[in-house]
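The values are calculated or read from the model by the stated rules, or taken from the named source; none is laboratory data. What you see is a predicted model; the values in this text were computed from it and never measured. Glycine also receives a Cβ, built like all others from the backbone with ideal geometry; neighbour counts cover every protein chain displayed. With ligands, DNA and RNA removed, areas are computed over all heavy atoms of the protein, side chains included. Shrake-Rupley method; radii C 1.70, N 1.55, O 1.52, S 1.80 Å.
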Amino acid sequence: MIKLKYAQPLTQSPAPDETPTPAMFSLHPQGEPAMTATTAERLKAMENALRLRLQPPVTITCNPHRIGKSSCVSVHLEDNRGKRADILLTQEGRAGLPLDHEFDSPRWHVNVPDAADMVFLTLWLNNVFPS
């Protein structure tokens, strides 16, 4: 069994004069990962939608793809009842998490700015239903 390390990101509120960065997570080589309050709110909404749809234990399968020039990771989550959620993480240079009305769809689209955010978000999804 492979165990990947994941540090829970802290929620930070940027100063009013701070220009928002396109990154979803602040991932510095030394220090805690962080995210904005807006990102924390959207991730909590996604976690709640996953928990409403799926019951543990949940199997998570990740498949990397290229769609055109975009790098993607397809994340398939499925419980023992056959209920599932499919999330497509696409590297697009900008962040975009699903809105509440989009959680009714069987497939959710998430835009991430870069590969570091894609990996970190994949680890976050794996942590929603720890084994």
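First check a/c for segment 36-80, with a ≥ b ≥ c the square roots of the eigenvalues of its C-alpha gyration tensor; if it is under 1.5, answer rounded, and if not, answer prolate when a/b is larger than b/c or oblate otherwise. Working shown, then result.
On the way: a/c = 3.58, a/b = 1.18, b/c = 3.05.
In terms of gyration-tensor shape, oblate.
So, counting K/R as plus one and D/E as minus one, what does the shell of residues with Cβ under 14 Å around Ile67 add up to?
Values: positive: Arg66, Lys69, Arg107; negative: Glu92.
Every neighbour counted, the sum reads +2.
Kindly provide the pair-distance distribution of segment 59-126 built from C-alpha pairs, with 10 Å bins from 0 and whole-percent values in order of increasing distance.
20, 54, 23, 2
By what distance, in whole Å, do the Cα atoms of the chain stretch along each of the three principal axes, largest value first?
Principal extents (largest minus smallest coordinate, Cα): 48, 34, 33 Å.
Could you put Lys44, Lys69 in order of accessible surface area, largest first, with the 1.4 Å probe and the full protein assembly present?
Details: Lys44 105, Lys69 210 Å².
The ordering from most to least exposed comes out as Lys69, Lys44.
What's the angle, to the nearest 10 degrees (0 to 90), between helix 37-53's Cα axis and the longest principal axis of the chain?
On a 0 to 90 degree scale, this one is about 0.
Run lengths n ≥ 4 of DSSP H only: what is the helix-derived mean residue ellipticity at 222 nm for the chain, with -39500 (n - 2.57) per run over all residues, to the nearest 500?
On the way: 2 runs with 31 residues, N = 131.
My calculation for the chain gives -8000 deg cm²/dmol from helical runs alone.
Taking a probe of 1.4 Å, how large is the accessible area per residue of segment 43-131, in Å²? Present the calculation step by step, with values, prior to reporting the outcome.
Details: 4970 Å² over 89 residues.
Heavy-atom accessible area per residue stands at 56 Å².
Given the options Leu99, Leu43, Leu89, which has the most mean-square fluctuation in a GNM of the chain, springs set between C-alpha atoms less than 10 angstrom apart?
Among Leu99, Leu43, Leu89, the largest mean-square fluctuation in the Gaussian network model of the chain belongs to Leu99.
Express the carbon and sulfur contribution to the solvent-accessible surface of the chain as a percent, rounded to the nearest whole number, probe 1.4 angstrom. Intermediate results must be reported in sequence, preceding the final value.
Numbers: 4400 of 8390 Å².
So the carbon and sulfur contribution to the accessible surface is 52 percent.
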